[in-house]
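The values are calculated or read from the model by the stated rules, or taken from the named source; none is laboratory data. As the structure is a prediction and not an experimental result, all values here were calculated from the model. Neighbour counts are summed over all protein chains in view; Cβ atoms, including those assigned to glycine, are modelled from backbone coordinates with ideal geometry.
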Amino acid sequence: MQRSLALILIGAVALSGCGFRDSRVNPLNWFGGSDEVETQRDAAQSTNPLIPVEPRVGVFSRPDAVDNSVLVKSIQDMRIERTPTGAILYATGTAARQGAFGVELRLDEADIDARTRDETLDFTFRAVYPEYRTAVGTDRTRTLRAAVSLTKQQLAGVRNIRVVAAENARESRR
């Protein structure tokens, strides 16, 4: 009787740690709501002068596809939902004009390699616009949504997730 009472008491104390709203033990609030943060713009990128700018091209090789995507105008909402295999990052933004397609959340180049990753995963919210002119329209007609799935391995050691747009950025902290 005393052992079962002691086990129940220990279990109740352990579970009560998960009940606090701001507890780090509670897995339901690992990522809270998102906050708007200022964007940082790099004027000069560091390049290695020993690596040629133009890659060598073989006889049968095709040229690389040109990336026509640009940052969306702004981000209105960002949320992260946990899944059994990791998490899903959802972002909602507003395009500069109507007709945007090919919307994606692209992982920053520095975060792709695990050796250069810090505690923040940076994503850019990108879209492709048609080559012809389109109307600006209302905010509702320019709303874009994108999502990306993150594995537990990608989330290991990550404390912040940031999504960057042209005018603003949103981030969520663990």
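Rundown of residues vs (1) over 17 Å from the mean Cα position of the chain (by Cα); (2) at pLDDT below 90; (3) hydroxyl-bearing (S, T, Y), yes/no style:
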{"residue": "F101", "(1), (2), (3)": "yes, no, no"}
{"residue": "E119", "(1), (2), (3)": "no, yes, no"}
{"residue": "A127", "(1), (2), (3)": "no, no, no"}
{"residue": "A147", "(1), (2), (3)": "no, no, no"}
{"residue": "G157", "(1), (2), (3)": "no, yes, no"}
{"residue": "I161", "(1), (2), (3)": "no, no, no"}
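When only residues in segment 110-160 that are surrounded by 11 or more Cβ atoms within 10 Å (Cβ to Cβ) and of a type in the set (D, E) count, which is farthest from S69 (Cα to Cα)? Among those that are surrounded by 11 or more Cβ atoms within 10 Å (Cβ to Cβ) and of a type in the set (D, E), it is D118. Candidates are the residues of segment 72-113 that are part of a loop (DSSP other than H, G, I, E, B) and touching a strand residue (DSSP E or B) at 6+ places or on another chain (Cβ under 9 Å); the one that is farthest from E131 (Cα to Cα) is T85.
In segment 161-172, the residue that is surrounded by the fewest Cβ atoms within 10 Å (Cβ to Cβ) out of those that are in contact with a Phe, Trp or Tyr (Cβ under 7 Å, 6 or more places away or on another chain) and of a type in the set (G, A, S) is S172. Per the conditions (1) of a type outside the set (D, E); (2) more than 29 Å from F123 (Cβ to Cβ); (3) surrounded by 10 or more Cβ atoms within 10 Å (Cβ to Cβ); (4) modelled with pLDDT of 80 or more, the sole criterion not satisfied by Q76 is (2).
A count restricted to segment 121-156 and to residues that are hydroxyl-bearing (S, T, Y) and touching a residue at least 40 places away in the same chain (Cβ under 8 Å) stands at 6.
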